[in-house]
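> After the structure tokens below, expect a handful of questions from me.
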Amino acid sequence: GIELAQAVVRMNRQNRLQIVVEDDSIKSLRVSGVFLAGDPETFVRLISATFDLQAERRGASEVVLRTK
């Protein structure tokens, strides 16, 4: 697995919807699995559910992940 921050960088390279990890405390969470690079919504939904995080959409082009 890789750190959440690294996974987000990889996802953001491929998408208009940009994921922002707001809390430094969750950037080092270990993520493993196969995610479609062109499907950031599913990535955010799965990561949020797995780590009990809050995902907040900001406009059409940004979603923020943070602790609840």
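The values are calculated or read from the model by the stated rules, or taken from the named source; none is laboratory data. Just so it is clear, the structure is predicted and the values come from calculations on it, not from any experiment. Cβ: placed from backbone, ideal geometry, glycine included. Neighbour counts: every protein chain shown. In case anyone asks, the SASA skips ligands and DNA or RNA and just uses the protein heavy atoms, side chains included. Shrake-Rupley method; radii C 1.70, N 1.55, O 1.52, S 1.80 Å.
> Given N residues in the chain, what is its alpha carbon radius of gyration divided by 2.2 N^0.38 Å? List each step's numbers first, then the result.
Working: Rg = 10.6 Å, N = 68, 2.2 N^0.38 = 10.9 Å.
Its radius of gyration relative to the 2.2 N^0.38 Å reference: 0.97.
> In the chain, carbon and sulfur make up what percent of the accessible area (probe 1.4 Å)?
Details: 2050 of 4300 Å².
Percent of accessible area from carbon and sulfur atoms in the chain: 48.
> Below 15 angstrom from the Cβ of Glu3, what's the summed charge of the other residues (Lys, Arg +1; Asp, Glu -1)?
Residues near Glu3 contribute +1 overall.
> Now for a separate question. Explain nothing, just the number: dipole magnitude of the chain about its Cα centre with +1 on each Lys and Arg Cβ and -1 on each Asp and Glu Cβ, in debye rounded to the nearest 20. Write down the numbers at each step before the final one.
Numbers: 10 positive and 9 negative charges, 26 e Å.
Computed charge dipole of the chain: roughly 120 debye.
> Also, quick follow-up: Hey, in the GNM for the chain with a 10 angstrom Cα cutoff, which one of Leu36, Leu46, Leu17 fluctuates hardest?
Leu36
> If you take every DSSP beta bridge fully contained in the chain, what fraction is antiparallel? Give it as a percent rounded to 5. Mind dumping the intermediate values first?
Working: 8 of 12 bridges.
For the chain, the DSSP antiparallel bridge percentage is about 65.
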